[in-house]
Amino acid sequence: METIEDLFYYVPRAYTDWSEVSDVDRLRVGDRVTVIVKVLSSELSRRRGGRTVFMAALEDDTGAIFARWYNQPYLKTSLKNGSRIVLSGEVRFDRHARRKEFINPAFELMGEKDVTELVHAGRIVPEYSQIGDLSGKRIRRFVKTALDRYLDEVAEPLPAWVVKKRSLPALKDAFRDVHFAPSLETAGRARMRLAYEEFFLFQVVVALRRKRLKAREAGIKGYTWNRSEHEKLLALLPFDLTDAQKRVISEIRVDIEGPGTMNRLLQGDVGSGKTVVAAAAMHQAAVAGFQAAIMAPTEILAEQHYANISSLLSVLGDRVVLLRGGMRSEERAEVLESISSGAAAVVVGTHALIQEGIGFHRLGLVIVDEQHRFGVVQRAALKKKGRSPDVLVMTATPIPRTLSLTVYGDLDVSVIDELPPGRTPITTAVRDESSRKRVYDFLRSEVEDGHQVFIVYPLVEESDKIEVAAATKMHEELKEKVFPEISVGLVHGRMKPEEKGAVMVSFSSGEISILVSTTVVEVGVDIPNATVMVIEHAERFGLAQLHQLRGRVGRGEHRSYCILMIGRGASDDARERIQVLADTNDGFVIAERDLKLRGPGEFLGVRQHGIPRFAVADLATDTRLLVRAREDAFELLERDGALEGPESRAVVEAIERRFKGRGALIDVG
Ligand code: ADP
Ligand code: MG
């Protein structure tokens with residue numbers, strides 16, 4: 001908080017409605033009201049222990065009432081006999097004195113003031129969060145003084161057509177009403193206008209970024225989508241695409257054929273079938289003579305993509321290679337050579353793909369899987385391996401719309417909002433230590449029925465060492481003591497890629513029945529025979545992540561279960577939070593809840609950049625507002641692409657003032 005403007009944007013966290021004024025003779029116990037009264041007499045007394053009580057007798061034309069304040073001895077000097085005051089509070093009944101009283105009411109000296117000039121009582125009173133030592137009450141006074149002095153100097157940053165189109169109150173009025181509103185409704189409208197403005201200004205930045213992206217890349221020629229090749233691919237699949245998959249593929253087709261480059265975010269809940277969409281796009285690039293690369297966040301996932309994608313695309317004649325860390329040097333050299341010569345049409349890899357020294361021949365399509373695991377920087381690095389390739393980023397962490405428009409605001413968004421048919425919904429249960437034995441019995445019976453089980457350990461603090469230790473210990477115990485007759489495997493992040501790969505192969509072939517793991521299994525792994533996901537210390541995970549983990553089961557036709565184990569000492573809040581997962585299987589609902597509970601920063605993890613801290617707007621709830629603001633911001637760029645008109649200049653100035661140093665990547669110059 002540095003400027004008067006900052007103070008104006010410091011909106012109340014709540015309001016107390018003290019606008020109802022009553023005559024004293026009509027007061028009833030329990031009323032929360034305001035009275036306008038004169039001080040008849042008063043008395044300050046000291047109790048044992050130093051407590052003070054200031055008691056005043058008050059009256060209006062209709063009757064008398066008492067009020068008492070604890071520990072505010074200075075009231076003796078401010079509330080003189082005969083002074084007129086406005087007093088707001090709840091009417092209580094004092095059993096001792098057998099009379100009605102106000103206890104610690106808010107009040108304000110009335111003097112000759114008009115009711116509209118009141119600050120602390122007798123109106124809709126704004127409540128502010130304290131800032132450091134500064135109490136909410138003092139902030140209220142500062143805001144009032146600042147408004148009285150400077151409100152007239154406030155300039156309107158929004159273009160007139162926007163204000164008109166959205167019927168927004170002027171900024172001046174919004175400042176006045178958000179703090180000292182004549183009604184709660186007006187206050188709401190004022191807050192809405194301020195939130196809208198924040199979104200609008202930020203979306204102008206997003207629109208600019210996006211425009212630059214397109215401009216830089218215009219002129220890259222699209223290529224034609226080869227229908228018959230696409231048909232061939234479809235014919236190889238053991239299933240029909242869902243309508244959502246078909247729709248998304250046609251959105252990608254339009255991007256690929258169109259003039260600029262594709263910059264698309266593909267969102268789809270776990271198991272919605274994003275991989276085959278990626279494969280279809282990569283095949284088109286290959287057929288057109290380009291290379292396509294897909295980057296996955298873990299070795300396991302890259303291996304799995306390689307297996308799936310190459311079994312499909314090599315039948316169609318595309319050469320598919322896998323690049324991962326820890327390859328033998330001859331093997332690696334061979335793969336690199338095939339990538340740089342263009343012999344490899346489709347390249348699957350981990351972030352090994354973005355290392356220096358890896359050159360593509362003609363990279364036309366870049367796909368980033370599980371985008372939330374990568375940063376913006378890695379996405380850009382992969383893109384740089386080609387000359388403005390098409391980019392498709394895929395994520396299974398459903399991102400609430402407000403966030404995707406903010407963080408990925410420069411991308412077009414496609415959504416797969418439908419799961420393949422025949423999936424039985426996963427049954428989710430929240431359990432604690434007291435049921436551990438029953439849980440183990442259940443796992444045993446599932447294994448006896450021929451199914452498989454995941455048991456996942458959380459990341460403990462920032463160190464995966466402890467995590468590995470916990471998982472290793474658990475593995476030992478389960479193997480030796482609990483399930484001596486069952487094959488129990490272990491996989492964690494510290495194992496060499498080959499070791500990890502070998503364990504995953506044994507699990508997917510059914511040799512291992514129970515797989516103990518750290519969070520390395522979180523993304524992507526597809527084992528249709530696994531029917532139970534046990535998550536230890538579920539309270540340590542975010543909801544979206546738990547949902548992600550749960551998505552590892554329920555992929556086949558068997559009934560599947562997710563058991564969320566709550567650790568000892570988990571708070572009631574944590575339990576309640578975890579319960580959300582038992583209540584719904586809808587990834588978007590979960591993501592919205594997670595966002596509300598944890599805020600955007602935590603929700604997205606430290607790797608995401610470019611989200612400003614909004615002062616008024618709330619990414620978790622103001623969705624509709626954001627969508628409108630975005631539409632208008634894009635319209636502004638259509639009307640005045642150079643942002644040179646006087647109205648646009650006001651917008652640019654406001655952006656610079658409002659977002660400076662707030663974590664946004666602002667560059668409007
Ligand atoms: P995700 O979107 O989580 O990456 P995957 O692409 O791994 O999902 O797909 C999950 C599973 O669903 C895979 O076994 C895949 O073969 C299968 N699948 C994908 N699309 C369909 C479909 N249309 N019908 C039936 N099964 C499908
Ligand atoms: Mg996937």
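Just to be sure, is LEU237 of a type in the set (A, V, I, L, M), loosely packed, with under 15 Cβ neighbours inside 10 Å and within 11 Å of ligand 1 (Cβ to nearest atom)? Spelling it out, LEU237 is indeed of a type in the set (A, V, I, L, M), loosely packed, with under 15 Cβ neighbours inside 10 Å and within 11 Å of ligand 1 (Cβ to nearest atom). Every condition in (1) in contact with a Pro (Cβ under 9 Å, 6 or more places away or on another chain); (2) open to solvent by 10 Å² or more (accessible area, probe 1.4 Å); (3) within 16 Å of ligand 1 (Cβ to nearest atom) holds for GLY268 except the one numbered (2).
Would you please name the residue that is farthest from GLU90 (Cα to Cα), looking only at residues in the stretch 1-26 that are of a type in the set (D, E, K, R) and surrounded by 13 or more Cβ atoms within 10 Å (Cβ to Cβ)? Let's see the steps before the verdict.
Within the stretch 1-26, the first condition is being of a type in the set (D, E, K, R), and the residues that meet it are 2, 5-6, 13, 17, 20, 23, 25-26.
Keeping just the survivors that are surrounded by 13 or more Cβ atoms within 10 Å (Cβ to Cβ) gives 5, 17, 23.
Working: GLU5: 35, ASP17: 12, ASP23: 14 Å.
Taking the candidates together, the pick is GLU5.
Note on the stretch 560-571: residues that are under 25 Å from the mean Cα position of the chain (by Cα) and either crowded, with 24+ Cβ neighbours inside 10 Å or in a strand (DSSP E or B) (or both) amount to 5. Residue count for the stretch 367-413 under the criterion of being of a type outside the set (Asp, Glu), more than 16 Å from ligand 2 (Cβ to nearest atom) and either touching a strand residue (DSSP E or B) at 6+ places or on another chain (Cβ under 6 Å) or at pLDDT below 80 (or both): the result is 24. If you go through the stretch 167-198 and keep only what is without any contact (Cβ under 8 Å) to a residue 24 or more places away in the chain and either buried (at least 21 other Cβ atoms within 10 Å of the Cβ) or under 15 Å from TYR15 (Cα atoms) (or both), you end up with ALA174, ASP177, GLU185, THR186, GLY188, ARG189, ALA190.
Selection of the stretch 271-289 for residues being surrounded by fewer than 23 Cβ atoms within 10 Å (Cβ to Cβ) and more than 28 Å from GLU499 (Cα to Cα) yields VAL287, ALA288, GLY289. If the condition is being in contact with a Lys or Arg (Cβ under 7 Å, 6 or more places away or on another chain) and surrounded by fewer than 20 Cβ atoms within 10 Å (Cβ to Cβ), then the stretch 344-357 contributes only ALA352.
Take the conditions (1) assigned to a strand (DSSP E or B); (2) open to solvent by 40 Å² or more (accessible area, probe 1.4 Å); (3) at pLDDT 95 or above; TRP161 misses just one of them, which is (1).
For LYS232, indicate whether it is in contact (Cβ under 8 Å) with a residue 40 or more places away in the chain, closer than 30 Å to TYR9 by Cβ and surrounded by fewer than 21 Cβ atoms within 10 Å (Cβ to Cβ).
Values: in contact (Cβ under 8 Å) with a residue 40 or more places away in the chain: yes; closer than 30 Å to TYR9 by Cβ: no; surrounded by fewer than 21 Cβ atoms within 10 Å (Cβ to Cβ): yes.
So LYS232 fails the test.
The residues of the stretch 128-158 that are among the β-branched types (Val, Ile, Thr) and closer than 25 Å to GLU656 by Cα, listed by number, are ILE131, VAL143, VAL154.
Just one of GLU229, GLU198 is more than 14 Å from ligand 1 (Cβ to nearest atom), touching a His at 6+ places or on another chain (Cβ under 7 Å) and in a helix (DSSP H, G or I); which is it? If you could, list the steps in order and put the result at the bottom.
Details: GLU198 fails: touching a His at 6+ places or on another chain (Cβ under 7 Å).
From the options GLU229, GLU198, the qualifying one is GLU229.
When the test is whether a residue is buried (at least 17 other Cβ atoms within 10 Å of the Cβ) and either under 21 Å from ILE124 (Cα atoms) or touching a residue at least 40 places away in the same chain (Cβ under 8 Å) (or both), LEU147 passes it. Of all residues being within 16 Å of ligand 1 (Cβ to nearest atom) and touching a residue at least 40 places away in the same chain (Cβ under 8 Å) in the stretch 487-509, which is most open to solvent (accessible area, probe 1.4 Å)? Just the residue, please. Residue satisfying both the conditions and the ranking: MET504.
The values are calculated or read from the model by the stated rules, or taken from the named source; none is laboratory data. Predicted model only: the values in this text are computed from it and were never measured. Counting neighbours? That spans all protein chains shown, and the Cβs are built from the backbone with ideal geometry, glycine included. Only protein heavy atoms, including side chains, enter the accessible area calculation; ligands, DNA and RNA are left aside. Shrake-Rupley method; radii C 1.70, N 1.55, O 1.52, S 1.80 Å.
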